[in-house]
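Chemist: Input: one structure, supplied below.
Please treat every number below as a calculation from the coordinates, not as lab data. All of these numbers come straight from a predicted model, not from anything done at the bench. Virtual Cβ from ideal backbone geometry, glycine too; neighbours counted across all protein chains shown.
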């Protein structure tokens, strides 16, 4: 018997569950500092530029602060949906594809009415965007419920399919007719006011996608803590057998969780394409769908946690851009940093779920 | 469309299939031990960049392959420690490994963009390679193609006829029973995970050293995920891995040839075809029922005594 043992806790420690994300962030700063030093940067300067300067530097702060909400909005929106499924043991890892399809369908719905100025266009686009993401997520959902096909692989494969559709429409169906043959759609933000997702308050970064993210967090919180569906989701994740005995239909859960996640990812895509990105283009997607997976875990799959985790992850994006500008740090370093964060978080979960015992176990039990 | 030569098509199919074959075979062993590692894509791309970097710096593709295998195995140890010793969720950790590997590879690969691979000589087996039709198809490849076939044979033999293979399968089928019999579940799984990482690393290096051959960010483009799908397609059997990998290699080569031949089907639709076919095959397999999935696949093993 080894000297150090793990003993399963009857229930995960709530204190440690809340504490581990913070510990993981600290551990990542240490490990990241070592990585930055290995790349030839001063670790303290790098950490300061990533975590402090975007918010508080008198020169960069005014530009960076609004970006915090711009980047956090889609991450929170997508992660909130993903977390529902993750809690039930349903692994939708293709949010990136749902995000792309939401953007394409939503932007397409708006562009069909160009150059109308009707105020109905934007709400119609929002619905279309949610529908695009939902429909894309329904593919793995239906294949899973009908045939038992693995949703992890199908949803992921559909990301590559969506990327190819994006490439196709940006140089074909949705290409700007006045764009002199260049790929990319009309710029919704610049050339089509009725279809643009504008900032609600100037210079805050607060656009309709951020509002949607806050609403999604509140609704998800209510769902998980007050609604029967939330109870079913938690039950299915923690005790699948008990859930079946309690009459929870796995098929309904799969359709609901994947559908909601898809719709939210689609919304995120629509708000991005009609706002910060401005147009459908071949490289319009930037990996929010994948980073949102880290956000969901960092937020403990809890809506409020995801809100905070989304803001933190947005900060690393902005800080990473600033470090690129100031230090010439490669963008990939930040991606690595985000990956490390997930590792530390998953590793530290052990303390929330198990007690560490030192010494040999007692014989009688 | 006349420009597609069936002999060259089949010959290049074997080259196109080799990376997926290597990675899928490695992952099959991991899954046979009861572990689901979704980090194949991350380990492959890391193998691709490390293999290429070493290949360029030493001028030897063999050195590139060797170090790529070590790099893949090394990366897989992160996954092994977190899932096996710290008992984390395998799906989440594997995904993390993929995201981490993608970041790591683009960081390492920056200085190597646009460089040329050192080249990897084909065997050109005397006499045999001169046989009409069969010669160019089967006997004019580089050594890794044959090594990958030998690896299938080796894994098949190991799993079916040796004690080590039996222990590995027992651990994957029912880890509690295996533990009760005195087998070291965690140790066996560590070794399986390392093997899977090394094979994914080799597969990735084959992409950057032979198949393409240069370093492009994100160049594995989902091959690691297709490898995962092939394991399911193969119902966890080595020879079916070969079938699956060559099927997908065939589709990839065919669509690339159609693109080059100026097919009327738009490029984007041809490019998405391997992924669509993967989905289709997964559906067909699941309709027939998922036979052969190891009993403890993806479950956390915690020895309470």
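Chemist: Using only Cα atoms and rounding to the nearest 10 degrees, what angle (0 to 90) does helix A:95-111 make with the longest principal axis of chain A?
Modeler: 20
Chemist: So how compact is region A:153-275: Cα radius of gyration and Dmax in angstrom?
Modeler: 19.7, 62
Chemist: If you bin the C-alpha pair distances of region B:1-52 every 5 Å from 0, what whole percents do you get?
Modeler: 5, 16, 18, 18, 13, 11, 9, 6, 2, 1
Chemist: Relative to the longest principal Cα axis of chain B, at what angle does helix B:143-161 sit, 0 to 90 degrees, rounded to 10?
Modeler: Once rounded, one gets 30 degrees.
Chemist: Provide, in order from the shortest bin, the percent of all Cα-Cα pairs of region A:66-206 in each 5 Å bin, continuing until the bin that contains the maximum pair distance.
Modeler: Answer for region A:66-206: a P(r) of 2, 9, 15, 18, 19, 16, 11, 6, 3, 1 percent.
Chemist: Continuing with this model, one more query. Quick one: check the C-alpha center-to-center distance for region A:37-78 versus region B:12-77, whole angstrom.
Modeler: What the calculation gives is 35 Å, centre to centre.
Chemist: In nm², what is the average projected area of the convex hull enclosing the Cα atoms of region A:74-125?
Modeler: Averaged projected area of region A:74-125's Cα convex hull equals 4.2 nm².
Chemist: At 10 °C and 1.306 mPa s, grab the translational diffusion coefficient of the protein assembly as shown from Stokes-Einstein with a Kirkwood Rh over Cα pairs, rounded to a whole number in µm² per second.
Modeler: Estimated diffusion coefficient is 61 µm²/s.
Chemist: Here's something else I'd like to know. Starting from the eigenvalues of the Cα gyration tensor, five times each then square-rooted, give me the equivalent ellipsoid semi-axes of region A:126-177, largest first, whole Å.
Modeler: Details: eigenvalues 131, 37, 9 Å².
So the three semi-axes of region A:126-177 are 26, 14, 7 Å.
Chemist: May I ask you to sort A:199, B:217 by Cβ crowding, counting other Cβ atoms within 10 Å and putting the fewest first?
Modeler: Details: A:199 17, B:217 13.
Arranged by neighbour count, lowest to highest, A:199, B:217 become B:217, A:199.
Chemist: In terms of the ratio Rg/(2.2 N^0.38 Å) built on C-alpha atoms, what value belongs to region B:43-176?
Modeler: Ratio of Rg to 2.2 N^0.38 Å for region B:43-176: 1.35.
Chemist: Counting C-alpha atoms alone, how compact is region A:31-140: give Rg to one decimal and Dmax as a whole number, in angstrom.
Modeler: Just the Cα atoms of region A:31-140 yield Rg and Dmax of 19.8, 56 Å.
Chemist: Taking 8 Å as the Cα distance limit and 6 or more residues as the minimum spacing, I'd like the relative contact order of chain A as a percentage.
Modeler: 35
Chemist: When each pair of different Cα atoms in region B:80-121 is counted once in the 1/r mean, what is the Kirkwood radius in angstroms, to one decimal?
Modeler: After inverting the mean inverse Cα-Cα distance, the result is 12.7 Å.
Chemist: A follow-up question, please. So what are the radius of gyration and Dmax for the Cα set of region B:200-299, in Å?
Modeler: So, for region B:200-299, Rg and Dmax equal 15.2, 48 Å respectively.
Chemist: Suppose we look only past 26 Å in the calculated P(r) of chain B. What percent of the Cα-Cα pairs does that tail hold?
Modeler: Of all Cα-Cα distances in chain B, 45 percent exceed 26 Å.
Chemist: Taking Cα centroids, how far is region B:175-229 from region A:239-311 in Å?
Modeler: 28
Chemist: Return one number: the angle in degrees, 0 to 90 and rounded to the nearest 10, between the long axis of the Cα atoms of helix A:331-353 and the longest principal axis of the Cα atoms of chain A.
Modeler: It is inclined by approximately 40 degrees.
Chemist: What is the projected area of the convex hull of the Cα atoms of region A:40-329, averaged over all directions, in nm²?
Modeler: Taking the Cα atoms of region A:40-329, their convex hull projects to 16.8 nm² on average.
Chemist: Checking a compactness column here: for region A:257-356, what do you get for Rg(Cα) / (2.2 N^0.38 Å), N being the number of residues?
Modeler: My calculation over the Cα atoms of region A:257-356 gives 1.24.
Chemist: Still on this structure: What three numbers, in Å, describe the spread of the alpha carbons of region A:1-85 along their principal axes, ordered from the longest?
Modeler: Between the extreme Cα coordinates on each principal axis of region A:1-85 lie 57, 36, 20 Å.
Chemist: Now a separate question. Over region B:166-255, with a single point scatterer placed on each C-alpha, what log10 of the ratio I(q)/I(0) does the Debye formula yield at q = 0.22, 0.24 1/Å?
Modeler: Taken in order of the listed q values, log10 I(q)/I(0) reads -1.15, -1.25.
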